[in-house]
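Written out below as structure tokens is the structure these notes cover.
The values are calculated or read from the model by the stated rules, or taken from the named source; none is laboratory data. The structure presented is a predicted model; accordingly, all values stated were derived computationally and were not measured. Glycine also receives a Cβ, built like all others from the backbone with ideal geometry; neighbour counts cover every protein chain displayed.
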């Protein structure tokens with residue numbers, strides 16, 4: 001998840017990384033964690049200030065085969081929006097998303 005957007009408070013306010021990591025997570029993120037879902041929070045590269053995080057993609061890969069992707073933000077208010085959501089069941093398509101995910105893990109600050 002975009003780490004800055006997964007936390008409570010004004011997303012436009014800059015924080016030091018230490019302050020950022022002390023901010024409470026949104027209830028939806030806590031629910032994922034308490035359900036046993038591993039949650040990783042991504043922030044921009046080390047030379048970029050917080051709250052900057054270029055990640056805006058919203059996708060999920062299930063069992064290396066099913067991809068869920070679209071404009072739907074996985075937060076409480078999005079259930080009232082008119083967003084697009086696509087589900088694709090294709091191993092080759094899923095691999096493209098897995099490669100994107102691995103690149104994010106390599107290139108950005110990641111916290112769990």
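Structure above, values below:
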read-out: Considering residues of the range 57-86 that are farther than 23 Å from residue 31 by Cα and touching a strand residue (DSSP E or B) at 6+ places or on another chain (Cβ under 7 Å) only, the residue surrounded by the most Cβ atoms within 10 Å (Cβ to Cβ); value: 65
read-out: Selection within the range 5-39 - in contact with a strand residue (DSSP E or B) (Cβ under 8 Å, 6 or more places away or on another chain) and either over 15 Å from residue 74 (Cβ atoms) or loosely packed, with under 11 Cβ neighbours inside 10 Å (or both); value: 8, 17, 20, 21, 23, 24
read-out: Inter-residue pairs, beta-carbon under 9 Å, first more than 21 Å from residue 93 (Cα to Cα) and in the range 57-79, second outside any loop (DSSP other than H, G, I, E, B) and modelled with pLDDT of 80 or more, 6+ apart; value: 74/28; 74/32; 74/60; 75/28; 75/29; 76/27; 76/28
read-out: Elements of type helices (runs of 4 or more DSSP H) contained in the range 2-112, each with 2 or more residues being modelled with pLDDT of 90 or more; value: 27-34, 91-107
read-out: Single unsatisfied condition, residue 43 versus (1) over 18 Å from residue 8 (Cα atoms); (2) surrounded by 15 or more Cβ atoms within 10 Å (Cβ to Cβ); value: (1)
